[in-house]
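The values are calculated or read from the model by the stated rules, or taken from the named source; none is laboratory data. If you're wondering where the values come from, they're calculated on a predicted model, not measured in any experiment. As a convention, Cβ positions derive from the backbone with ideal geometry for all residues, glycine included, and neighbour counts pool all protein chains shown. Note: areas computed on protein heavy atoms with side chains; ligands, DNA, RNA excluded. Shrake-Rupley method; radii C 1.70, N 1.55, O 1.52, S 1.80 Å.
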Amino acid sequence: MTSIQAFDSANTKLSKGVTLLEASAGTGKTYALARIFLRLVAEEGVEVGKILTVTFTSAATEELCDRIRSLLVEAYDTLVNDPKPKEEAVIKRLRT
């Protein structure tokens, strides 16, 4: 039997192609998707308009768009300033 590892949005290798993120409600899918999106833009230089993210409901799509937009702005605002002691792992990664 194969063991399932926890997904680490800051350190998991980004692969070209399709990534399927499947999990139960309330497990952090939107959080993880937003950080994958940020890493694709910041690390890989992928244009925002070239990334397709799909969810199952209009409400979830709206929430995901809002979270991605907010995270991109927050990351930019954070990265143009000096590091703070408790920055999240994805931001720390982008500083390197």
> Does Ala60 satisfy the criteria of being open to solvent by less than 100 Å² (accessible area, probe 1.4 Å), over 20 Å from Val90 (Cα atoms) and either in contact with a Gly (Cβ under 7 Å, 6 or more places away or on another chain) or not in a loop (DSSP other than H, G, I, E, B) (or both)?
Replying inline: yes
> What number goes with the only condition from (1) touching a Phe, Trp or Tyr at 6+ places or on another chain (Cβ under 8 Å); (2) open to solvent by 60 Å² or more (accessible area, probe 1.4 Å) that Leu71 does not pass?
Replying inline: (2)
> Hey, Thr55 hits all of (1) under 15 Å from Ala32 (Cα atoms); (2) modelled with pLDDT under 90; (3) surrounded by fewer than 13 Cβ atoms within 10 Å (Cβ to Cβ); (4) of a type outside the set (Lys, Arg) but one; which does it fall short on?
Replying inline: (3)
> When both residues are 6+ apart or on different chains and their Cβ atoms are under 8 Å apart, which pairs have a first residue that lies in the stretch 77-89 and is closer than 22 Å to Thr12 by Cα, and a second that is open to solvent by 100 Å² or more (accessible area, probe 1.4 Å) and of a type in the set (A, V, I, L, M, F, W, C)?
Replying inline: none
> Scanning for something exposed (fewer than 11 other Cβ atoms within 10 Å of the Cβ) and not in a helix (DSSP H, G or I), does the stretch 28-38 turn up at least one residue?
Replying inline: no
>> I need every pair where a residue in the stretch 11-35 that is in contact (Cβ under 8 Å) with a residue 60 or more places away in the chain has its Cβ under 9 Å from the Cβ of a residue that is open to solvent by less than 100 Å² (accessible area, probe 1.4 Å), sequence separation at least 6 or different chains.
In response: Asn11/Ala89; Asn11/Arg93
